[in-house]
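Here is the structure we will look at.
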Amino acid sequence: MAASHRLILLVLCLTATAASAHNITAILDGRSEYTLYNSYLSETKVCDEINSRSSVTVLVLTNGAMSSLVANLSLADIKNALRLLTLLDYFDEKKLHSIGSSSQLTTSLYQTTGQAAGDMGHVNITDLRGGKVAFASAAPGAKFQSTYTKRVADFPSNLSV
């Protein structure tokens, strides 16, 4: 009897683990406006780093924005940019808009590499007037030039894209 209870517990644990797993490239696959971003996730293997995390927010760039970003970057720099765009906390639309008038500093995947000097591995998030949420590097003097536009996918408490 005890063995059957352990087996049931094992099955429940495996089911819970499988249910929380995500695949960022599969989520973005078929979304034509993110094909370049998705391609670089695979080429740099940052997708594997994202998929290994249990609670993460991926700030995805459209093809146009991604083209501008990668124009003069090496593949190593692109890899770090993708890591910087991956926040190690779950931010859905509600949480982003609840930041209020202050800013919130959050850790990115880039911080985990040990390559980020000072605050370079952190992202500053602020809720601007008019309901816009903006993102900036935590580096001194960095400007809020990127804004939240829409939710692509959401898996509560685990993954927000």
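Per-structure values
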{"read-out": "Lone unmet requirement of (1) in contact with a His (Cβ under 7 Å, 6 or more places away or on another chain); (2) at pLDDT 90 or above for Asn72", "value": "(1)"}
{"read-out": "Check on Arg83, open to solvent by 40 Å² or more (accessible area, probe 1.4 Å) and under 13 Å from the mean Cα position of the chain (by Cα)", "value": "no"}
{"read-out": "Check on Ala153, in contact with a helix residue (DSSP H, G or I) (Cβ under 7 Å, 6 or more places away or on another chain) and at negative phi", "value": "yes"}
{"read-out": "Residue selected from region 86-121 under the condition free of Cβ contacts under 8 Å to residues at least 12 places away in the same chain and not in a loop (DSSP other than H, G, I, E, B), by the criterion most open to solvent (accessible area, probe 1.4 Å)", "value": "Lys94"}
{"read-out": "Residue, most open to solvent (accessible area, probe 1.4 Å), within region 18-32, restricted to residues that are touching a residue at least 60 places away in the same chain (Cβ under 8 Å) and under 19 Å from Asn158 (Cα atoms)", "value": "Ser20"}
{"read-out": "Ser54 within 16 Å of the chain's Cα centre (by Cα), modelled with pLDDT of 95 or more and either farther than 18 Å from Val123 by Cβ or aromatic (Phe, Trp, Tyr) (or both)", "value": "no"}
{"read-out": "Region 33-58 residues that are assigned to a helix (DSSP H, G or I), paired with ones that are among the aromatic types (Phe, Trp, Tyr) (beta carbon under 8 Å, 6 or more apart)", "value": "Val46/Tyr40"}
{"read-out": "Count of residues meeting criterion [open to solvent by 20 Å² or more (accessible area, probe 1.4 Å) and under 21 Å from Asn124 (Cβ atoms)] in region 57-67", "value": "4"}
{"read-out": "Boolean, Ser146 is in contact with a Phe, Trp or Tyr (Cβ under 6 Å, 6 or more places away or on another chain) and either closer than 27 Å to Arg31 by Cα or at pLDDT below 90 (or both)", "value": "yes"}
{"read-out": "Checking Ile27 against (1) β-branched (Val, Ile, Thr); (2) within 11 Å of the chain's Cα centre (by Cα); (3) in a helix (DSSP H, G or I), the condition it does not meet", "value": "(2)"}
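The values are calculated or read from the model by the stated rules, or taken from the named source; none is laboratory data. Bear in mind the structure is a predicted one, so any value in this text is a computation, not a measurement. All Cβ positions, glycine included, derive from the backbone under ideal geometry; neighbour counts span all protein chains shown. Note: areas computed on protein heavy atoms with side chains; ligands, DNA, RNA excluded. Shrake-Rupley method; radii C 1.70, N 1.55, O 1.52, S 1.80 Å.
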